[in-house]
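**Q** Following this message is one structure expressed as structure tokens.
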Amino acid sequence: MLWERLRDEIKSIVITQLLQSLLLAGLIMLMFSRTVTVHVQHIARHLGQLTPQNMGQTLHLARDPQHRDELTLLESGVNQLQGKLTDHLAQLQRYEDELGAHRDHLADLVQARTAELESLTEAQQLVLSLSNRLIHAPHESFDACQQECLAEVALRLGANHALWLVPVAGQAGFRVFMEWQPAGEPPPAPPLPLAGLTHVPTRLAREELLFFYSQAEMGRSLNAVEAAIFTTQPVGACALALLHSDGEDYGLLFVGKPLGQGDWPPEDRALLAMTAQMLLHSVRHQSQLIAILTSQEALRTANQQLEVLSRHDPLTGLSNRRHFDEMKDDEFQRALRNDQPLSLLICDIDYFKAFNDQYGHSAGDQCLRDVAQAMNAAVARSGDALARIGGEEFAILLPATLASAARQVAERVRRAVADLRITHATSAVAPHVTVSIGVAQMEIGRTADFDALFDAADQALYRAKENGRNRIESSAARSPSEQP
């Protein structure tokens, strides 16, 4: 019995202690939940609800502010972390804003640069087109083509005045070579004397291009007299370019924009520089072209003179034997085709060797010239051909002429020479120079070639000499088989 009672008491004590422990644990759990778990859950909810927009909301635990423990440290740490995150997000936003601003600025720069490159490309294409036009421009219209090119560039630049001054040869001054203004603009006022234009060329020799944003700036940069030369018309932005290459000075180029336009964008500067080079090369091209044309004209003239000399006798100016040989074949074939007569005169100055021996070769040359001139005057028709074929021997081709008419021409020639009354003391015929003439006519179907006609006239000349000279003898041209 005692053992059972002891066991029951121990059991009762254990159960009591167990219940007390459970109650104490529950109490501890309740106290922990009220003092820790609630706040931890609050912290968890707070952290879960955080967004970039409400990052500035601080964590505040409903506790006694005087109570300091781990929850206080956790609350402070969360708030510090939020502050740092807020600052970091603000910095990121600033970076994004700055990056966006830089991106927008870069896009604007790219757009502006693209537009500038497009304008520059258009300017290059314009100058290339104008250069090709100048290269292929005819010499006689080259200046007009240059004027058109200058006008197109001025319009492309939006200018209202363009002026090209060139130096005056042998003088320290300039003259207006070309001037352009838009249609409808008033004519320019008379420019000031250009002889005093010295400062601008000196400046341009160093800088090649001068850009001004207003007349006032030009006046400050140049002296008043020289600035006034380029501002006879109201202009805004303006520029000067030097046209100079390899020691050759081709003048100055001035371009002025209307009032109110005071800028020179890069593409306009490039266009003006390219235009100056284009005009410079065009002037040099024109100079070379003129030199080539002059050389060609001189060569053409020389060739013509050589042709004349090669076909004409230098002493008398008549056709020579070479030209006569060309004409004789043409006239013979023409006579055959047209079934027309062809006559030939062969003339010889009587006793010409004795004349030379008596009076000298100088007098003999003058005699030949006078006789040739008299013969030429006696041959009336333009189609007839007179040639000197030997020393004192002449031939006259008479197309479409019968022997009777040819004899009349021969008589006119004989009388014309006799009428010169050139003294010839050693002549056995007359006291003056005379000629003997042989006449022959081609007979269609019986004269084989021109040589037969020439032989017939030569034989007639021989008979004229045998029969006393200063006379005319005739003969018919026959084929070789018919000749005796």
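The values are calculated or read from the model by the stated rules, or taken from the named source; none is laboratory data. Everything numeric in this text was worked out from a predicted model, so none of it was measured. Positions of Cβ are backbone-derived with ideal geometry, glycine not excepted, and every protein chain shown enters the neighbour counts.
**Q** For G364, indicate whether it is on the phi > 0 side of the Ramachandran plot and either loosely packed, with under 14 Cβ neighbours inside 10 Å or touching a helix residue (DSSP H, G or I) at 6+ places or on another chain (Cβ under 7 Å) (or both). First the steps, then the outcome.
**A** Numbers: on the phi > 0 side of the Ramachandran plot: no; either loosely packed, with under 14 Cβ neighbours inside 10 Å or touching a helix residue (DSSP H, G or I) at 6+ places or on another chain (Cβ under 7 Å) (or both): yes.
Considered against the rule, which asks whether it is on the phi > 0 side of the Ramachandran plot and either loosely packed, with under 14 Cβ neighbours inside 10 Å or touching a helix residue (DSSP H, G or I) at 6+ places or on another chain (Cβ under 7 Å) (or both), G364 comes out as no.
**Q** Somewhere in region 286-301, is a residue assigned to a strand (DSSP E or B) and surrounded by 14 or more Cβ atoms within 10 Å (Cβ to Cβ)? Walk me through it before giving the result.
**A** Applying the first criterion (assigned to a strand (DSSP E or B)) to region 286-301 yields none.
No, every residue in region 286-301 fails to be assigned to a strand (DSSP E or B) and surrounded by 14 or more Cβ atoms within 10 Å (Cβ to Cβ).
**Q** Scan region 255-270 for residues that are buried (at least 23 other Cβ atoms within 10 Å of the Cβ) and among the hydrophobic types (A, V, I, L, M, F, W, C) and jot them down.
**A** V255
**Q** Just checking, how many residues over region 421-439 are at pLDDT below 95 and within 16 Å of L397 (Cβ to Cβ)?
**A** The qualifying residues number 0.
**Q** Kindly provide the set of residues from region 434-453 that are touching a residue at least 24 places away in the same chain (Cβ under 8 Å) and in a loop (DSSP other than H, G, I, E, B), ordered by number.
**A** Of everything in region 434-453, those that are touching a residue at least 24 places away in the same chain (Cβ under 8 Å) and in a loop (DSSP other than H, G, I, E, B) turn out to be T434, M442, E443, I444, R446, T447, A448, D449.
**Q** Got a sec? Which of R414, R337 is of a type in the set (K, R), in the same structural domain as I437 (by TED's automatic domain parsing) and within 20 Å of I472 (Cα to Cα)?
**A** So the residue among R414, R337 that is of a type in the set (K, R), in the same structural domain as I437 (by TED's automatic domain parsing) and within 20 Å of I472 (Cα to Cα) is R414.
**Q** Residue check: is L120 in contact with a helix residue (DSSP H, G or I) (Cβ under 8 Å, 6 or more places away or on another chain) and modelled with pLDDT of 75 or more? Steps first, answer last, please.
**A** Numbers: in contact with a helix residue (DSSP H, G or I) (Cβ under 8 Å, 6 or more places away or on another chain): yes; modelled with pLDDT of 75 or more: yes.
Taking the combined requirement at face value, the residue satisfies it.
**Q** Still on this model: Determine whether A302 is of a type in the set (A, V, I, L, M, F, W, C) and not assigned by TED's automatic domain parsing to the domain that holds T447.
**A** Details: of a type in the set (A, V, I, L, M, F, W, C): yes; not assigned by TED's automatic domain parsing to the domain that holds T447: yes.
Yes.
**Q** Let me ask you something else. Go over the candidates A123, A101, A144, A159 one by one and state the one that is of a type in the set (A, V, I, L, M, F, W, C), within 18 Å of W264 (Cα to Cα) and assigned to a helix (DSSP H, G or I).
**A** A123
**Q** Let me ask something additional. Output the number of residues of region 227-253 satisfying the condition of being closer than 16 Å to L165 by Cα, in contact with a His (Cβ under 9 Å, 6 or more places away or on another chain) and at pLDDT 80 or above.
**A** Looking only at that region, the number is 3.
**Q** If you check every pair at least six apart or on different chains, which have Cβ atoms under 6 Å apart with a residue in region 281-292 that is within 20 Å of L150 (Cβ to Cβ) first and a residue that is of a type outside the set (F, W, Y) second?
**A** Here the result reads S282/L134; L289/H139, each pair linking region 281-292 to a residue that is of a type outside the set (F, W, Y).
**Q** Test L386 against the stated conditions and say whether it is touching an Asp or Glu at 6+ places or on another chain (Cβ under 6 Å), under 17 Å from L342 (Cα atoms) and either of a type outside the set (G, A, S) or buried (at least 20 other Cβ atoms within 10 Å of the Cβ) (or both). Step through it out loud before you land on a result.
**A** Details: touching an Asp or Glu at 6+ places or on another chain (Cβ under 6 Å): no; under 17 Å from L342 (Cα atoms): yes; either of a type outside the set (G, A, S) or buried (at least 20 other Cβ atoms within 10 Å of the Cβ) (or both): yes.
Answer is no for this residue.
**Q** If you don't mind, another one. Consider region 162-177. How many of its residues are surrounded by fewer than 18 Cβ atoms within 10 Å (Cβ to Cβ) and either under 23 Å from the mean Cα position of the chain (by Cα) or in a strand (DSSP E or B) (or both)?
**A** First pass over region 162-177, keeping only residues surrounded by fewer than 18 Cβ atoms within 10 Å (Cβ to Cβ): 166, 168-173, 175-176.
Checking which are either under 23 Å from the mean Cα position of the chain (by Cα) or in a strand (DSSP E or B) (or both) leaves us with 166, 175-176.
So the count comes out to 3.
**Q** Can S287 be described as touching an Asp or Glu at 6+ places or on another chain (Cβ under 9 Å) and either of a type in the set (K, R) or within 30 Å of S245 (Cα to Cα) (or both)?
**A** Details: touching an Asp or Glu at 6+ places or on another chain (Cβ under 9 Å): yes; either of a type in the set (K, R) or within 30 Å of S245 (Cα to Cα) (or both): yes.
When the stated conditions are applied, S287 passes them.
**Q** Report yes if T275 is among the polar types (S, T, N, Q), surrounded by fewer than 16 Cβ atoms within 10 Å (Cβ to Cβ) and outside any loop (DSSP other than H, G, I, E, B), otherwise no.
**A** Answer is no for this residue.
**Q** Find the residue count for region 142-171, including only residues that are farther than 18 Å from S282 by Cβ and among the polar types (S, T, N, Q).
**A** Total satisfying the criteria: 2.
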